[in-house]
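The values are calculated or read from the model by the stated rules, or taken from the named source; none is laboratory data. As the structure is a prediction and not an experimental result, all values here were calculated from the model. Cβ placement follows ideal geometry from the backbone for every residue including glycine, while neighbour counts extend to all protein chains displayed.
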Amino acid sequence: MEPTNMHEAVDQRLVDIQDEVRDAFGWGLEEDLLAAEALVQRTYELVAAVPSWSQEGRLASLDALRATLFAAERVTVLGAAATEEEARRVAQQEGVIIAADGSVGALRVRNRLACVVSDFDGGVHLHSAAKEGVPIVAHSHGDNVQRFTRALSEWSQFDTPPSLILTHQTPAQCQGAHNFRWLYRRRPSRMLYLAMGVNLMNIDLVGFSLNTVGMWSATTVPEQKLKKLAWMYRILEMVELHDAVAP
């Protein structure tokens, strides 16, 4: 992997804890490294079909998303435990929305949706958003290579393919993908807004729970999911956003 220095977060704690989480769940770093390389390679293979998926196109998409988030009066991150009523209220408020994977399915109106952050387990809801051309922050990890390979092939055939921003969760520098120092696999959206320079005072979290597997979690093992939620809470404590998580 070659160096890239754009849009990387600087809090070393958010780098170190990725190794702690890998150790806690028995996940291998090598698999995450290979997945990151595979995600970048797959987009290169599809550039002829979707020119905006080139390295330059993806960097332009990243800059555009950063500008959108930075300029917004409010940035609301919608989690998988959101109710349809919560999603309806969020859609009526000022600002923009970041949807965490399958939670995009809770949004009946998506005109304020800035992006979906996904590791490709959002099921039909993610597929629908991609087909509408919603920007996707695409996260790689060791056990989602088949999912993103299949999804990108399908999305490249859409009339309006989504713009892509590629991310990974390793300590290495990966040309073409970014590590925003986000928590652990399947929890990237929490750190995206911080890496983009959004003020903490302008961020709302809706639909995040410590002890409940959300209704919009399309692909998950409940017992493992609850363990991940505990790690989520620990990270949110680091960045002082934990008060928004429901018990």
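Name the single residue, out of those in the range 69-112 being touching a strand residue (DSSP E or B) at 6+ places or on another chain (Cβ under 6 Å) and part of a helix (DSSP H, G or I), that is surrounded by the most Cβ atoms within 10 Å (Cβ to Cβ).
This residue is Ser103.
Within the bounds of the range 22-38, is there any residue that is part of a helix (DSSP H, G or I), closer than 14 Å to Trp155 by Cβ, modelled with pLDDT of 95 or more and not hydrophobic (A, V, I, L, M, F, W, C)?
No, there is no match, as no residue in the range 22-38 is part of a helix (DSSP H, G or I), closer than 14 Å to Trp155 by Cβ, modelled with pLDDT of 95 or more and not hydrophobic (A, V, I, L, M, F, W, C).
Can you pull out the residues in the range 70-88 that are without any contact (Cβ under 8 Å) to a residue 60 or more places away in the chain and either of a type outside the set (A, V, I, L, M, F, W, C) or closer than 12 Å to Phe208 by Cα (or both)?
Glu84, Glu85, Arg88 - these are the residues of the range 70-88 that are without any contact (Cβ under 8 Å) to a residue 60 or more places away in the chain and either of a type outside the set (A, V, I, L, M, F, W, C) or closer than 12 Å to Phe208 by Cα (or both).
Can you tell me how many residues within the range 41-58 are part of a helix (DSSP H, G or I), of a type outside the set (Phe, Trp, Tyr) and more than 16 Å from the chain's Cα centre (by Cα)?
Adding up the residues that qualify gives 9.
Restricting attention to the range 213-238, and to residues there that are part of a loop (DSSP other than H, G, I, E, B) and modelled with pLDDT of 70 or more, which single residue is surrounded by the most Cβ atoms within 10 Å (Cβ to Cβ)?
Selected residue: Trp216.
Name the residue that is surrounded by the fewest Cβ atoms within 10 Å (Cβ to Cβ), counting only residues in the range 119-151 that are of a type in the set (Ser, Thr, Tyr) and touching a residue at least 40 places away in the same chain (Cβ under 8 Å).
In this case the residue turns out to be Thr149.
Filter the range 135-151 down to the residues that are of a type outside the set (Val, Ile, Thr) and under 14 Å from Gly57 (Cβ atoms) and list them by number.
Answer for the range 135-151, where residues must be of a type outside the set (Val, Ile, Thr) and under 14 Å from Gly57 (Cβ atoms): Pro135, Ala138.
Using the structure shown, decide if Gln175 is farther than 20 Å from Ala49 by Cβ, loosely packed, with under 15 Cβ neighbours inside 10 Å and modelled with pLDDT of 85 or more.
yes
In the range 48-68, what count of residues is obtained for those that are surrounded by fewer than 15 Cβ atoms within 10 Å (Cβ to Cβ) and not small (Gly, Ala, Ser)?
Within the range 48-68, residues that are surrounded by fewer than 15 Cβ atoms within 10 Å (Cβ to Cβ) and not small (Gly, Ala, Ser) number 3.
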